[in-house]
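A.B. asks: Structure provided below as C-alpha cells; questions to follow.
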Amino acid sequence: MQAQAYQKCIEPTCGLEYPITDIRIECDKGHMLDIKYKTIPPTSLKEVFYKRRDPMSNIFNESGVWRFRELLNFCQIDTENIDQCSKRLVSLDGAEGRQSKPYHMSKVSNYVGVQNLWLQPEGYNPSGSFKDNGMTTAITHAKLVNIKKIICASTGNTSASAAMYAANENMECDVYIPSGEVAPGKLGQAFQFGAQVIEVKGNFDDALSTSLKQASQGGGYTVNSVNPFRIEGQKTIIFRALEFLDWNPPDWIVYPGGALGNTSSCGKCLMELYEWGWIKKIPRLAVVNAEGANTLYILYNGKFEDSKLRWNKGKPDTSLVKRYYEYMDKNGIKPKTKATAIQIAKPANILKGLRALEFTNGVVAQVSDKEMLDGMALVGLNGFDCEMASGAVPAGIKKLVEQEIIKKDDTVIGILTGRQKDSGIPVDYHRNAENKFANPPRS
Ligand code: F0G
C-alpha cells in the first residue's frame, strides 16, 4: 500500500520528507516538520462527525479528538473498524476533548464588549488542560513506533498530561520542570501519575533544551509541541469549535501564547480545511502574550530593531530571532509572569506560529498580570474554571476591542486553555478587595 500520510519539512525551500514511522522532531537540516496527508477528506464527513456525537458505546466517537479521526489518520487505518482503532488509537476511555466546546459566558461578553463571544474551556479535559488533545495523538504515534519511554519539559500542564497518558499506556515518563516555577497542582499530578520529575535550575526554555538534549542521547521520545504529532491532535480544538458554528468560521480565534504549539496547530488546521474546501473564510488569529514573557509580541510588532518578524512565505528572518535571544541573554532578560504556564521567552514553535499568523492575517497582543487575573476571575463568575494563563484570552480580547482591531459585532472564539491548578492564585485575588472582581471573605 502506498503511504497516504508522511512527514514533511515546513520550509518550502527544503521540503525533506520522511515516513510516518520515523522518530524525529526536525528534518536533517534542522527544520520543523508537518504531518501531511495525500487524500482530501470529503466534506460529507461533517455529517459523520455530527452523528458520532451519539457515541453508541464507541469510545473513539466519545473522544473529542478521535471523533474527527479521518482528519488526523496518520496511523492509516480503516477508521470505521473498531478493532483497528482499539489496537492503534490511544485514548483515556474517550475522555479527551469530550467536554470541551464553545460556551457563551455573558459576564465575559459584557466586559469585553463582544456579544458573539464563545469561550471553549479546554480545562475540561482529563488532565485539566488542552494538552490532552495533542498528547493523545503523540502517544498514539509513540505506541505505533514501540516507544517505552517518553520525555518532556514543561511549565506544568504538559507534564501532567504526559504523565497521565504514560501511566495509562505503561510507558516510562521523565519530565523536566523549571524548579520552583510550576503550579503545585500540576507538579502534584506528575508525581501522582508516576513520572520521574527532574527539576532544572532556570526557566522553561532551559528545561526544554535540557530535555531535548537528553532525548537526542536516547533519553526518550519527546512529547513537547515540537513533536508534529502533538500538533495533529490539537487541531481538534478548532474542529470542535467550527462544528459548533456549523463550520461557518468565526471572525477571530484567540489563544494565549507560550511555546506557540496551539498557534501552530490552529494555523495548520485552518490551512488544511481551506485547502480541502471545508471552509470558505479564514478566521483571524489573535495570540496573547503575558507582558513579562512577550517575545512574540516584541518581534511580530517590530519592537526590536524596528523590524517586523514575518513568516515571509517561508523565508523568515531567523537571524532577527537569534539576535533577540542573544540580546535577552546578554541583558539578563528572563521571562517573568505569575501566569507560569506561559512564562516562556523562546517559543520553540515560533516559525510555525509565524506561518499561522501570516495565513490568518493574525495579530499579537500583550496583557499584564493584573489583566489576566481579572479575566480569570470573570470566567469564574460565569461558573467556569480556568487558570491565570487562560485569563489572557478575555483580557486580550478586551484590549483588541478597545484598539478597534476586534469589532464589537465580530464573532470571536476564545480558547480557555487550562483549569485552575494553583488555588493560591484565586484565593489571593479574592482576598484583596481592591481587585476589580474580588469577592473578599467576611469574618
Ligand atoms: N495555557 C496553558 C494553560 C498552558 O499550559 C500553556 C502551555 C499555554 C497556554 C501556552 O500554549 O505553548 O501552545 O502556546 N503550557 C506548556 C506546558 C508550555 O509545559 O504545560 P502554547
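A.B. asks: Quick one: of the DSSP bridges fully inside the chain, what percent are antiparallel, nearest 5?
C.D. replies: Details: 12 of 42 bridges.
Restricted to the chain, the bridges split so that about 30 percent are antiparallel.
A.B. asks: Let a ≥ b ≥ c be the square roots of the eigenvalues of the Cα gyration tensor of the chain; is it rounded (a/c under 1.5), or, if not, prolate (a/b larger than b/c) or oblate? Spell out each step's value before the answer.
C.D. replies: Numbers: a/c = 1.26, a/b = 1.18, b/c = 1.07.
Cα axes put the chain in the rounded bin.
A.B. asks: Another one. Pop out the ³J(HN,Hα) list for segment 95-105 in order, Karplus 6.51 cos²θ - 1.76 cosθ + 1.60 with θ = phi - 60°, rounded to Hz; leave Gly and Pro as x.
C.D. replies: So the Karplus estimates, Gly and Pro as x, are 7, 5, x, 5, 9, 9, 7, x, 10, 8, 10 Hz.
A.B. asks: Mind listing the long-range amide H neighbours of GLY257? Cut-off is under 5 Å, sequence gap 5 or more, other chains count too, H placed in the peptide plane at 1.01 Å from N.
C.D. replies: For GLY257, whose amide H was placed from the backbone, the distant partners under 5 Å are VAL288, ASN289, ALA290.
A.B. asks: Once phi is turned into ³J(HN,Hα) by the Karplus curve 6.51 cos²θ - 1.76 cosθ + 1.60 with θ = phi - 60°, what whole-Hz value does each residue of segment 258-273 show in order, with x for glycine and proline?
C.D. replies: 3J(HN,Hα) across segment 258-273, in whole Hz: x, 7, 6, x, 5, 4, 5, 5, 5, x, 5, 4, 5, 4, 5, 4.
A.B. asks: From zero outward in steps of 10 Å, how is the percent of C-alpha pairs of segment 54-150 spread across the bins?
C.D. replies: 16, 40, 27, 12, 6, 0
A.B. asks: Now a separate question. With θ set to phi - 60°, apply the Karplus curve 6.51 cos²θ - 1.76 cosθ + 1.60 along segment 313-321 and write out the HN-Hα couplings as whole Hz, x wherever there is a Gly or Pro.
C.D. replies: My calculation for segment 313-321 gives 6, x, 10, x, 7, 5, 5, 5, 4 Hz in order.
A.B. asks: Then there's this: By counting other Cβ atoms within 10 Å of each Cβ, how are ARG323, ARG67, ARG310 ranked from fewest to most?
C.D. replies: Result, fewest neighbours first: ARG323, ARG310, ARG67.
No value in this document is a laboratory result; all are computed from the given coordinates. Note that the structure is predicted; figures quoted are calculated from it, not measured. With ideal geometry, Cβ positions are generated from the backbone for all residues, glycine too; neighbour counts draw on all protein chains shown.
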